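Report on one structure; see the data block that follows.
The values are calculated or read from the model by the stated rules, or taken from the named source; none is laboratory data. These numbers come from a predicted model, not from an experiment. Positions of Cβ are backbone-derived with ideal geometry, glycine not excepted, and every protein chain shown enters the neighbour counts. These area figures cover heavy atoms from the full protein model, side chains too; ligands, DNA and RNA do not enter into them. Shrake-Rupley method; radii C 1.70, N 1.55, O 1.52, S 1.80 Å.
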Amino acid sequence: MIEGAVGGIVTDNIRLFNPIENNYLFGNAWGIYEFGPRLTDIRNNLCFYQDQAAIEVWLCPDPNGVPDMSHDVKIEHNTCDSYQYCGITVHGVKDPNEVPTVYLLNNIVSGSSWYGLNLVDGAMDFSVKGIEPTD
């Protein structure tokens, strides 16, 4: 459980061996904040009452100018609820040849004061899917 921080969980250009998962984030400015070309998957987190965004990801080109499209990132099965400006925000890049694919799968976002899903700032390759109903 992480409560009352500016950034609940922050990564800066690192792909962790394990995903960021099964965390309870409450009352932070940002619940989960990732920056860089190397990103870690985010799944099964509960984010309540963040101020800015429950999850915010910046897709950035490599600082050495080397494109790295080998690290797709999955944001899946997260619950983002109550009073954040944006539930999930993903920032793109200028060059469409330098972006990984962002998979947004089965997330629940509610209670955002601006946007539930905010895809902004340039090029990105993404897939958004929700839970498919069964008969």
- Message: Test of understanding: among 44, 78, which residue is touching a Lys or Arg at 6+ places or on another chain (Cβ under 7 Å) and modelled with pLDDT of 95 or more?
- Response: 78
- Of all residues making up segment 7-45, the number that are without any contact (Cβ under 8 Å) to a residue 60 or more places away in the chain, closer than 17 Å to residue 58 by Cα and of a type outside the set (Lys, Arg): 22
- Consider residue 19 against the criteria (1) in contact with a Lys or Arg (Cβ under 6 Å, 6 or more places away or on another chain); (2) at pLDDT 95 or above; (3) within 17 Å of residue 124 (Cα to Cα): it satisfies all of them except one. Which criterion is unmet? (3)
- Query: If you check residue 42 against the conditions, is it of a type outside the set (Lys, Arg), at negative phi and in contact with a Pro (Cβ under 7 Å, 6 or more places away or on another chain)?
  - Reply: yes
- Item | Single residue of segment 15-31 satisfying the filter (within 15 Å of residue 104 (Cα to Cα) and not in a loop (DSSP other than H, G, I, E, B)) that is least open to solvent (accessible area, probe 1.4 Å) | 20
- Query: Does residue 64 meet the test of being over 15 Å from residue 126 (Cα atoms), polar (S, T, N, Q), open to solvent by 40 Å² or more (accessible area, probe 1.4 Å) and at pLDDT below 85?
  - Reply: yes
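For segment 32-49, give me each residue that is assigned to a loop (DSSP other than H, G, I, E, B) and touching a Phe, Trp or Tyr at 6+ places or on another chain (Cβ under 6 Å).
49
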- Item | Wholly enclosed strands (runs of 3 or more DSSP E) of segment 84-123 bearing at least 2 residues among the β-branched types (Val, Ile, Thr) and touching a strand residue (DSSP E or B) at 6+ places or on another chain (Cβ under 7 Å) | 86-91, 101-105, 108-110
